[in-house]
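Trainee: Okay, handing you the structure first.
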Amino acid sequence: RTASRDTAEHRAADEAAALFRADVIFGLSQPQKALPPKYFYDAAGSRLFDHICRLPEYYPTRCELEILKARAAEIGALAGPGASLVEFGSGSSIKVRLLLDAMAEPAAYVPIDISGPHMRAAVARLAEAYPAVAMVPVEADFTQAVRLPPLGEGGRLEGRRVGFFPGSTIGNFTPEAATSFLAHVGEVLGDGSALVIGFDLAKDRAVLEAAYDDRAGITAAFNLNLLSRINREVGADFDPGGFRHKAFFNGTENRIEMHLESVREQAVRMGRHHFAFARGETIHTENSYKFSVDAFLAMARHAGWRQRAMWTDPKGWFAVAALER
Ligand code: AVI
């Protein structure tokens, strides 16, 4: 190990790799095998997710963009002049352009994302379009405690802090974790802040299931990519061809569940670990909760947020809330 490799950045990368390995071993050792969905987003997974957002079946992105376009002026008004926008899970930073365009002299954009290279490429594109906005990217797993870097002159910020959490990513948490995440966001942004947050609404099962099992097989590839990532980064010997994508609506829990189903009896090796799969056994890879407006607001209130506005698309498939504290 050379001195130059021993930088803080590389230590962080080593730490992330060790956490990934530990999460995989833990998850595959459970009676119901499971993996955290945040690991979908390596370089290939981030690209596949962008593709999902353009699929004809995947309505959330289009519905949310429709709402944000229609309400951009209202969001700009509630942000006020000189506000800073903090986005949790910023991905390709497409939706945020609508907000930046509608805000009066936005001071800073702080994207927080687990996929560093993907985020930095997106921020570089954004910086060209918004030269007056300070770009402050934070490579971090926002499901863990995050700290904002100092913003503005001497860390003092004149305008309001506005959190942005689009896409119904809140639905990828369990309800308990979603509530504590919203409370944590409140602490990070502080009193006087606002939060613009998208969430997916309950709807016809066929619409939901098609959105998570598209005809082109992109969501299947996105799900299966997790196994290739584990092979590459943790040194496992998954045969991705030995698993198939499964997505269904669980009406009791109000959520889409994604699984990877073993098509045969097989064993997977990872260093000294062995994981046995029965035929038909699954790895639970994601939950995507669907809410009612009331259930969502109850959760937000528990987490210390007040409702300022609530918008849905004309079909009533998706909602965006503007919250304040
Ligand atoms: C990021 N998240 C909101 C997506 C969702 O709809 O739950 C992830 C996704 N999984 C499959 N398709 C999209």
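The values are calculated or read from the model by the stated rules, or taken from the named source; none is laboratory data. All values reported here derive from a predicted model rather than from experimental measurement. Using ideal geometry, Cβ is built from the backbone for each residue, glycine included, and neighbour counts are taken over all protein chains shown. Just the protein is used for accessible areas: all its heavy atoms, side chains included, with ligands, DNA and RNA removed. Shrake-Rupley method; radii C 1.70, N 1.55, O 1.52, S 1.80 Å.
Trainee: Answer yes if at least one residue in the range 253-265 is under 20 Å from the mean Cα position of the chain (by Cα), surrounded by 15 or more Cβ atoms within 10 Å (Cβ to Cβ), within 16 Å of the ligand (Cβ to nearest atom) and at positive phi, and no otherwise.
Mentor: yes
Trainee: Now, a different point. Hey, any hits in the range 234-247 for a residue that's exposed (fewer than 15 other Cβ atoms within 10 Å of the Cβ), within 16 Å of the ligand (Cβ to nearest atom) and either within 24 Å of G171 (Cβ to Cβ) or of a type in the set (S, T, Y) (or both)?
Mentor: The answer is no, given that none of the residues of the range 234-247 is exposed (fewer than 15 other Cβ atoms within 10 Å of the Cβ), within 16 Å of the ligand (Cβ to nearest atom) and either within 24 Å of G171 (Cβ to Cβ) or of a type in the set (S, T, Y) (or both).
Trainee: Pairs only if they're at least six apart or on different chains, beta carbon under 7 angstrom, first in the range 215-229 and within 14 Å of R47 (Cβ to Cβ) and open to solvent by 30 Å² or more (accessible area, probe 1.4 Å), second within 14 Å of the ligand (Cβ to nearest atom) and of a type in the set (S, T, Y); list them, first residue then second.
Mentor: Filtered contacts from the range 215-229: R229/Y39.
Trainee: Go over the candidates F20, F26, F40 one by one and state the one that is within 16 Å of the ligand (Cβ to nearest atom), among the aromatic types (F, W, Y) and either open to solvent by 80 Å² or more (accessible area, probe 1.4 Å) or within 17 Å of D113 (Cα to Cα) (or both).
Mentor: F40
Trainee: Filter the range 160-207 for residues that are near the ligand (Cβ under 10 Å from one of its atoms) and part of a helix (DSSP H, G or I) and give the result.
Mentor: Within the range 160-207, T169, I170, G171, N172 qualify.
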